[in-house]
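Trainee: Once you've had a glance at the structure underneath, I'll fire off some questions.
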Amino acid sequence: MKGYHDIAGDGGSRIHEQVAEQRTRITDGLAGVRHLVAIGSGKGGVGKSTLTLQLAGALRARGLRVAILDADFNGPSQARMAGVQEALFVPGGHKVALPRTRDGIGVFSMGSVIPESESLEFESAAHGESHTWRATREFALLGEILGAFEWGELDLLLFDLPPGAERTVQYADFLESRTSFLLVTIPSAVARGVVARSVAALSKDPHRLLGYVENMSGYYCRDCDAIKPLFAAPEASGLEIPCLGTIPFDPELARHCDRGIPFAALRESPVGRSLEQVAQELWDRLESTGSPR
């Protein structure tokens, strides 16, 4: 059996040419996108996908052109929350047209392709070694999606990243250097600790860390119309990056996401106003630093 040191160059696979060709397709496909923003955390269960969709809704309400790429291929949730589970993929002008929400947000999610009762499987070149190839296949799929769909003229393309601190770093390596990162945490020492690892990892590379959002920072009681703290004495986050805002937890938001109801339905609530403040802060930071093209 040959080892890696026995293979000269790329072993005749033309992998270098294939990667270069894919990069060209991605660059051409995203040529009309002004800002790329990857939203991650490192920690699952912090409401990252919900925040991504609602933040897109708040940005769209400001008149901005927004789309979402649900990069969590194995646990896609954007299709259900955006109401595009039954969307059909149809030809566009030159490539595949993006499904759109009722308020005009373009959304790609594997949840529109694979039923929730099924899992995404990748064939392996070696029996019993699918874990060895899975990340490679996932990023190959991500590249195909970026190159195959019509993203068009956008102000922002939001990437909803999968959980895992190492996944955040992998996507940082894959996505273009013009991509900015927004991290999501909750007021929990466990969540903040994992997000801090993502901060440390991303800080080692020239990727732009815009800051973080603290989700579920309190509980919105609709009966008393007040936001109640979830913790008796909130502690400082310890994250050495800017906080773009805090979002309280509202059970009504969860119900709306399950039903695919757009952001506008909650716009006048405390959660909606908090999201609009975060959207404004995000846009101001992106515009103040200029387009990273």
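Here, each number is a calculation from the coordinates, and none is a lab measurement. All of these numbers come straight from a predicted model, not from anything done at the bench. FYI the Cβ positions are ideal-geometry reconstructions off the backbone, even for glycines, and counts take in every protein chain you see.
Trainee: Let me know the longest stretch in the chain that avoids all GluC sites (Glu not before Pro) found in a DSSP loop with at most 16 other C-beta atoms within 10 Å. List each step's numbers first, then the result.
Mentor: Working: sites that count: 86, 116, 118, 121, 123, 129, 150, 153, 176, 235, 240, 268.
That would be 1-85.
Trainee: Tilt of helix 15-29 relative to the longest C-alpha principal axis of the chain, in degrees (0 to 90, nearest 10)?
Mentor: Helix 15-29 and the main axis of the chain meet at about 40 degrees.
Trainee: Take the Cα of residue 120, step 7 Å along the line toward its Cβ, and report every residue of the range 148-162 whose backbone nitrogen sits under 12 Å from that point.
Mentor: 160-162
Trainee: Rounded, prolate or oblate: which one fits the range 132-271, using the alpha carbon gyration tensor with axes a ≥ b ≥ c (rounded when a/c is under 1.5, else prolate when a/b beats b/c, else oblate)? Before the final figure, lay out each step's value.
Mentor: Numbers: a/c = 2.21, a/b = 1.41, b/c = 1.57.
Verdict is oblate for the range 132-271.
Trainee: Whose amide H sits under 5 Å from the amide H of residue 216, counting only residues 5 or more places off or on another chain, with H placed in the peptide plane?
Mentor: 247, 249
Trainee: Let me ask you something else. On a C-alpha basis, how far is the centre of the range 24-71 from the centre of the range 235-274 in Å? Whole number, if you could?
Mentor: If we compute the Cα centre of each part, the gap is 16 Å.
Trainee: Angle check, please: helix 270-289 long axis (alpha carbons) against the longest principal axis of the chain (alpha carbons), in degrees 0 to 90, nearest 10.
Mentor: 50 degrees
Trainee: Next up: Using Cα springs under 10 Å in a Gaussian network model of the chain, which residue among 263, 73, 122 shows the largest mean-square fluctuation?
Mentor: 122
Trainee: Right, another one. Can you list the residues, at least 5 places off or on another chain, whose amide H is less than 5 Å from the amide H of residue 33, using H built in the peptide plane?
Mentor: The list, which skips near neighbours in sequence, is 154.
Trainee: If the only charges are +1 at each Lys and Arg Cβ and -1 at each Asp and Glu Cβ, what is the size of the charge dipole of the range 58-117 around the Cα centre, to the nearest 20 debye?
Mentor: 360 debye
Trainee: Give the label of the value calculated from the structure for Kirkwood radius over Cα pairs in Å, choosing from (i) 20.1; (ii) 22.0; (iii) 19.3.
Mentor: Given (i) 20.1; (ii) 22.0; (iii) 19.3, the calculated one carries the label (i).
Trainee: On a 0 to 90 degree scale, rounded to 10, what angle separates helix 130-148 from the longest Cα axis of the chain?
Mentor: Once rounded, one gets 80 degrees.
Trainee: Would you mind checking 43/228; 204/228; 95/204; 43/95 for any pair whose Cα atoms are more than 27 angstrom apart?
Mentor: On the way: 43/228 24 Å; 204/228 37 Å; 95/204 36 Å; 43/95 34 Å.
The pairs that break the limit, which is 27 Å between Cα atoms, are 204/228; 95/204; 43/95.
Trainee: Taking only the alpha-carbon positions of the range 107-214 and ignoring solvent, what does the Debye formula give for the base-10 log of I(q)/I(0) at q = 0.23 Å⁻¹?
Mentor: -1.35
Trainee: Moving on. Quick one: pull the percentage of alpha-carbon pairs in the range 42-125 with a separation above 19 Å.
Mentor: 42 percent
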